[in-house]
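Participant: Here it is, the structure in full.
What follows is calculated from the coordinates using simple rules that are stated; it is not laboratory data. This structure is a prediction, so every number in the text was calculated from the model and none was measured. Ideal geometry is used to build each Cβ from the backbone, glycine not excepted, and the neighbour counts take in all protein chains shown.
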Amino acid sequence: MHMKSVLKFFGGLIFGIAVATVCLLGWFYVSNQPLQVVVHGVMEAERQQDIESLIEQSSNSGSLLISALEVAESVQELPWTKDVKVWRTVANVLHIEVGAKQAMARLDEGTVLTVVGDVISQSSTGENKLPTLTGLENDEQAKTDAQILDLIRTRLAESGIAVSEFEHTIKGWNVVLVNGDSVLLGRDELEHRLDRFLTVYTKLTKLKSNTTVKADARYEHGVAIKQEANNVISHYESSDATRDGD
């Protein structure tokens, strides 16, 4: 029995040494392979460069293997990153999957407003044309109203209407459409006022020709429509002309 125990001990020891040797050789093999980085998803060249710069900094840190966790933490700190997943495969291939914050309007050539109210840097290049956001003395109002403005943009898009500009005026938010028409929604109950506007506007667009529509949806029961071509003002679905505040 004693001899069997000794044999089992040495057998286990030899097996452990063999496993450790294989792991060590594997580690040396992987660490000596050139690092390959695969970034998943479609993103702007500027953001791709941000990630590549972080990888290059990590490569120059002197470590034989770049820590996937450290890369994930570094990428997560980028202002435009929403979420990130990093994993490594055999032969030293580092995979990075990044979810970007969604922009809903452009503040200037270099910055955009996200749907959650963050102001982040983003170049004006790319196929996706964002509406501009103007008339703000600071970004606080934009941050406060970001979600409702994005809802307005989405609701209009569902009706086949694209937004060119969100303009903040002394009367509140004025929404300019790509065809030149506009609607003044004011400061309060923007979603309800948009619903009233859409009810009227979708009917009006079938009738109007070569005219620019300027709408005021701040009325309690209806919408004031001005067509610039003939300067006619009409009130729809309203029994009075009392505005519902600003």
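Participant: Using the Cβ atoms and a cut-off under 12 Å, what net charge is assigned to the surroundings of HIS95, where Lys and Arg are +1 and Asp and Glu are -1?
Facilitator: Net local charge, HIS95 excluded: +1.
Participant: Taking amide H positions as placed in the peptide plane 1.01 Å from N, state which residues far from LYS82 in sequence (5 or more) or on other chains have amide H under 5 Å from it.
Facilitator: Long-range HN contacts for LYS82: GLY99, ALA100, LYS101.
Participant: Going by amide H atoms built from the backbone, whose H comes under 5 Å of the H on GLY135, apart from near neighbours?
Facilitator: For GLY135, the qualifying residues are HIS168.
Participant: So which of LYS129/LYS214; LYS203/LYS226; LYS171/LYS214; LYS82/LYS143; LYS171/LYS226 end up more than 19 Å apart by C-alpha?
Facilitator: LYS129/LYS214
Participant: Which whole-Hz couplings ³J(HN,Hα) result when phi for each residue of the stretch 186-192 is put into the Karplus expression 6.51 cos²θ - 1.76 cosθ + 1.60, θ = phi - 60°, listed in order with x for Gly and Pro?
Facilitator: Per-residue couplings from phi come out as x, 10, 10, 6, 4, 5, 5 Hz.
Participant: Amide H of THR111 versus every other amide H placed in the peptide plane: which residues, excluding those fewer than 5 positions away on the same chain, fall under 5 Å?
Facilitator: Placed amide hydrogens put GLN122 under 5 Å from THR111.
Participant: Moving on. Positive end of the dipole of the stretch 103-236, charges at C-beta (+1 Lys, Arg; -1 Asp, Glu), about the Cα centre: which of VAL178, PRO131, LEU107 has its Cα farthest in that direction?
Facilitator: The residue sitting most towards the positive pole is VAL178.
Participant: Give me the one-decimal nm value for the distance between modelled label points at GLU56 and GLU97, 7 Å along each residue's Cα-to-Cβ direction.
Facilitator: Those two pseudo-labels are separated by 2.7 nm.
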